[in-house]
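Below is one structure, written out as structure tokens, with a few remarks after it.
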Amino acid sequence: MCHLSGISSPRHYRGPHGSTEASLSDCHSRKGGGCIRVVMYSAIVLVFFTLIASSSEIGESSDQARLIKAIFDERGYNAKIRPVRHRTTVTNVTMTLVLATIIDMDERNQALKSNMWVTLEWHDEFISWNPEDYGGIENFKVPSHDVWLPDVVLYNNADDEYKNFLIKQVSILYYDGAVLWATPVIFKSSCAVDVTYFPFDVQNCTMKFGPWQHDGTEVYMYGFSDITEYESDGQWDLTSMSLDAHVEYYPDHPGIPYTDVTYHVILKRRPQYYVFNLLLPNALFTVVTVTVFYLPPESGEKISLSITILLSLTVFQLMLADFMPPSSYLPYVGYYFVGVMILVSMSLVSSVLVVNIHFGNSEEDGMPAWVRRLFMNQLAPLLNVRKAPPKVPPFQSNISSHRLEELKRTPKYLHARMSNGDVLIPLVRKYSTDRHYINSHHHHTRKIKSNPCDESEIIIEILEEVRKVSKFHEAKKREEVARRDWKIVAMVLDKIFLVVYIFGSIIAAVVFAGQMST
């Protein structure tokens, strides 16, 4: 018992040599041979189990090595020959395509980049064995270039070059002759993108797989699909994935059938990003344009606001063009953008016309009769356009009526008819000072009358000046009235353009919504 306790002590396992020597010397110092026998027995048991494990691994490895040697060396397997014993036997290749994710949908270049899990299965008549003869081995893996591979290619490849995605992979060989090839592959295929209903569109992208050199009398393609492993990239949702098997005849080999499997990947776009970044700003610009018609021409910003909105819409039009393929087929949202830009351009033209009419016409007789009749008499009341005429203050006199009668009887005043009523103009006379008499209480000035002929000349000159002033004020009044009338015409035109713009915007929005709902 003392020997066993000495062996199990932890200090004997500090190293592969020191601990063993310490235990042996300790046991030898105590009793001698008993401890040595226990250590030897333990070493023998350890070596025994190690040999059993290594022998099983060596046996399995040797069985697989014998199997590989029997198939590829002894039987003379040739990977360049189609694996059939009779030339007329058709090799059936089953292809299973699992869509993992969409890497990129390039609408402008019309290409789809996707991550696919590809599985190919076929039967190789030169590969078969009895598992009992090789330690129960039912399958083993070899590099794919060691066995025959079907020359399956992606017909509608959109990459820079055609790449053989089958080589440099691993194939699994089964004892009954079945061969399984499976690996993830990134494909870049051409996709005819239909952007008619962008951003509420659904795309049907096809991927055509088939042998390139082996015709239908040698290799026949079958297919399966699976969408259970699909993970959305945030932009596209996978609606469905179907396939069609075809037998086609090509002009380079007339009369020779070729088989293929065409997969249809149905993708639906998530429109939230484009609604908030394209459609909603465009709709807001459409609403803001209405304020252009309510902005008075006197502010000087009517045309500037229209130009700013038009430039903003042009920026969004360029953003939309970056998503669209360069083709003659435009999406309905593109037509809507163009319609809105036309309406905003019309608002700009109408603003220029209204400002020109508002500030550019002031002649008395410059307004045609039909314009006055149509805009002033008919459209202005209909559109509720009213503008009160300017108030002309009446002539006011500070002279009382009694005093006015006295002035009329005296020859010192001239009765004149003016535009704002009858007035009395005092007759100014020339006086010269003859002499002065000054006393202590009052100052008296003796005025000597001048020649009456000079008085008539002065009256004529004053009347001429008064006539000129009267004509000037009459012209100013007529000009003000004419300017007021043209301003009313400009207001009527602004209201008409506003109504046209609102109806045009509503029609464009209704047509766009109707097209999107179909």
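Measuring only protein heavy atoms, the 1.4 Å probe finds Arg270 accessible over about 90 Å². Using Cα pairs under 8 angstrom and six or more residues apart, how large is the relative contact order of region 153-256, in percent? Once normalised by length, the contact order is 23 percent.
Rounded, prolate or oblate: which fits region 129-190 when a ≥ b ≥ c are the square roots of the eigenvalues of the alpha-carbon gyration tensor, with rounded for a/c under 1.5 and prolate only if a/b beats b/c? The shape class here is prolate. For region 204-273, the per residue solvent-accessible surface stands at 53 Å², with DNA, RNA and ligands left out and a 1.4 Å probe. Per-residue packing, averaged as other Cβ atoms within 10 Å, sorts the ranges 234-247, 76-89 into the order 234-247, 76-89, beginning with the highest. Sorting the segments 331-338, 164-171, 98-105 by their residues' average number of neighbouring beta-carbon atoms within 10 angstrom, most packed first, yields 331-338, 98-105, 164-171. Normalising the average separation of contacting C-alpha pairs (under 8 angstrom, six or more residues apart) by the number of residues puts the relative contact order of region 260-347 at 35 percent. Pairs from the list Lys188/Lys208; Lys80/Lys168; Lys141/Lys163; Lys80/Lys113; Lys163/Lys268; Lys141/Lys168 with a Cα-Cα gap above 21 Å: Lys141/Lys163; Lys80/Lys113; Lys163/Lys268. Computed with every protein chain present, the accessible area of Lys69 is close to 110 Å² [probe 1.4 Å].
The values are calculated or read from the model by the stated rules, or taken from the named source; none is laboratory data. As the structure is a prediction and not an experimental result, all values here were calculated from the model. Backbone-built Cβ (ideal geometry, glycine too); neighbour counts: all protein chains shown. Protein only, heavy atoms only, side chains kept; ligands, DNA and RNA dropped before computing areas. Shrake-Rupley method; radii C 1.70, N 1.55, O 1.52, S 1.80 Å.
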